[in-house]
Amino acid sequence: MNFTPANFVANLQYLLKGELGLFFALGIIALSTIVLNKISEKK
Amino acid sequence: MSFLYENLLALTWQQVTMWVIGGILIYLAIAKEMEPSLLLPIGFGAILVNMPFSGAVNQFINGILQEGPLTSLYEAGIANELFPLLLFIGIGAMCDFGPLLSNPVLMIFGAAAQFGIFFTFCIGSMFFPVNDAASIATIGAADGPTAIVVAQVLKSNYLGPIMVAAYSYMALVPIIQPPVIRLLTTRRERMIRMDYEPKEVSKLTRILFPIIITVIAGLISPAAVSLVGFLMFGNLLKECGVLKGLSDTAQDALANIITLILGITIASQMQAESFLRLDTLMILGLGLFAFIFDTAGGVLFAKFLNLFLKKKVNPMIGAAGISAFPMSGRIIHKMGLEEDNQNFLLMHSMGVNVSGQIASVIAGGLIMSFFM
């Protein structure tokens with residue numbers, strides 16, 4: 001186990017990418033569900 | 001007569017320490033009823049594999065390999081991620097996405113509450129190689145099968161401690177979450193009431209939902225498609241309405257059999273020489289850190305939203321976005337009632353909690369795609 005503080009900053013990009021990816025995926029799923037609810041409501 | 005005592009003489013203090021750890025896990029499972037279905041087999045298995053020359057795991061004796069059943073089970077079901085994935089079918093069949101489907105906006109809280117995973121990865125990467133740091137961070141998903149699959153796919157050297165931490169912390173959700181939530185919210189915020197207007201969710205929506213999620217998650221994060229797919233397959237069995245027998249089997253017999261084998265097989269990775277290391281303590285610490293920051297991420301995101309919303313949300317529901325289902329949702333509901341006995345948050349917190357189940361799996365998939 002080595003202590004390399006520089007890795008924290010170097011890997012912050014994954015925090016951003018990960019959270020953006022999650023909001024994007026769950027946002028699309030939420031939107032799809034809203035549309036699905038609307039479609040099935042009409043029926 | 002030497003055979004009577006030569007095994008005893010081969011016993012090390014590290015193995016005895018593992019017996020104590022196994023005993024503690026068994027105690028927590030029985031006396032405190034903390035995830036007993038997993039902690040008990042793991043605890044017993046920890047004792048079993050830490051006997052001198054234990055025949056339960058592979059051993060080289062006089063240069064000859066003697067195969068142990070737990071190692072064989074490990075190779076057959078965990079090394080290829082099969083057991084955790086099969087367990088996901090059962091979990092999917094148990095999940096009721098109704099509260100989430102009637103209010104899909106709750107989905108975003110699941111995303112916010114995975115903050116701890118990615119933040120812990122950054123912290124962990126200062127001490128561990130990226131594959132290990134990413135696997136350790138996934139403990140924060142509060143989702144045992146996801147943690148196992150990620151650690152296995154990324155070939156982490158710390159599978160044993162990660163699995164033990166993931167399941168132990170899941171059981172500790174009622175102890176870990178409330179103080180973090182209280183620290184980040186005022187009493188006034190915890191008393192915010194949220195109206196619940198139940199909307200009818202059609203059968204068509206319930207059937208299409210697991211299929212749509214699988215397609216979307218598969219397109220965004222192909223590495224996660226088996227995780228999401230098995231979870232949603234279980235849910236589809238339940239919601240289709242024509243496979244009651246299979247759905248019941250997935251929820252009951254399948255989930256129980258896999259859980260039983262999974263627990264004791266995990267213990268094959270708890271041999272003293274690989275478990276009793278400073279690294280294990282670090283992993284336990286980082287896992288706790290991930291849990292705390294997941295909770296904080298959900299609560300702070302809800303508070304952030306309240307800056308713009310006319311109809312405020314109770315920020316406590318953000319904390320239910322971690323995956324520990326249904327425990328986290330229930331805790332938030334209970335905390336709401338403690339502040340105001342007419343504040344019923346259950347349906348909101350459960351909706352956020354199932355969104356956390358989906359989000360944690362997608363987060364695991366994203367981590368795998370970043371580092372595979």
- line: Expressed as a whole number, the average count of other chain Cβ atoms within 10 Å around the Cβ atoms of B:115-124 is 5
field: Cα centroid of segment B:202-274 to Cα centroid of segment B:84-106, whole Å
entry: 9
- line: For segment B:112-121, in residue order, the Karplus 3J(HN,Hα) values (coefficients 6.51, -1.76, 1.60; θ = phi - 60°; whole Hz; Gly and Pro = x) are 5, 7, 9, 3, x, 4, 6, 5, 5, 4
- prompt: On a 0 to 90 degree scale, rounded to 10, what angle separates helix A:12-42 from the longest Cα axis of chain A?
  reply: 10
Residue order, fewest to most surrounding Cβ atoms within 10 angstrom, among B:M34, B:M194: B:M194, B:M34
statement: So for segment B:1-92, using the alpha carbon gyration tensor with a ≥ b ≥ c as root eigenvalues (a/c under 1.5 gives rounded; past that, a/b versus b/c decides prolate or oblate), I'd call it oblate
- prompt: Cα-Cα pairs above 35 Å in chain B: how many percent?
  reply: 26
Principal axis box of the protein assembly as shown, alpha-carbon based, largest edge first, Å: 82, 50, 42
- request: With springs only between Cα atoms under 10 Å apart, run a GNM on chain B and tell me which of B:L204, B:L288, B:L106 wobbles the most.
  value: B:L204
task: First obtain the Kirkwood hydrodynamic radius of segment B:240-372 from its Cα pairs, then insert it into the Stokes-Einstein equation at 20 °C and 1.002 mPa s, and state the resulting D in µm² per second as a whole number.
output: 120
- prompt: What are the ³J(HN,Hα) values, in whole Hz, obtained from phi via the Karplus relation 6.51 cos²θ - 1.76 cosθ + 1.60 with θ = phi - 60°, for each residue of segment B:349-357 in sequence order, with x given for Gly and Pro?
  reply: 5, 5, x, 5, 5, 6, 5, x, 4
field: 10 Å Cβ neighbours from other chains, averaged over peptide B:196-203
entry: 2
- prompt: Can you list the residues, at least 5 places off or on another chain, whose amide H is less than 5 Å from the amide H of B:Q66, using H built in the peptide plane?
  reply: B:Q59, B:F60, B:I61
field: Integer Hz, Karplus 6.51/-1.76/1.60 couplings in order for segment B:313-325, x for Gly and Pro
entry: 9, 6, x, 4, 5, x, 5, 6, x, 6, 7, 4, 9
message: I want the local charge near B:M350. Using Cβ-Cβ distances under 14 Å, sum +1 for each Lys or Arg and -1 for each Asp or Glu among the other residues.
response: +1
query: Rounded to the nearest 500 deg cm²/dmol, what is the calculated helix-only ellipticity per residue at 222 nm for chain B, with -39500 (n - 2.57) per DSSP H run of length n ≥ 4?
result: -21000 deg cm²/dmol
- line: Taking Cα atoms, the helix B:173-184 axis meets the longest principal axis of chain B at an angle in degrees (rounded to 10) of 50
- line: Given pairs B:K199/B:K310; A:K17/B:K334; B:K203/B:K311; B:K32/B:K334; B:K199/B:K311; B:K303/B:K334 and cut-off 23 Å on Cα-Cα distance, the over-length ones are A:K17/B:K334; B:K203/B:K311
statement: In terms of the alpha carbon gyration tensor, root eigenvalues a ≥ b ≥ c, rounded if a/c is under 1.5 and otherwise prolate when a/b exceeds b/c or oblate, segment B:251-325 is oblate
- request: Enter the mean number of other protein chain beta carbons within 10 Å of the beta carbon of each residue in A:8-17, as an integer.
  value: 6
query: In terms of the Cα gyration tensor, with a ≥ b ≥ c the square roots of its eigenvalues, is segment B:166-305 rounded because a/c is under 1.5, prolate because a/b exceeds b/c, or oblate?
result: oblate
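The numbers here are math on the coordinates, done by the rules we state, and not lab data. Here the structure is a predicted model, which is why all the values come from computation and not from measurement. As a convention, Cβ positions derive from the backbone with ideal geometry for all residues, glycine included, and neighbour counts pool all protein chains shown.
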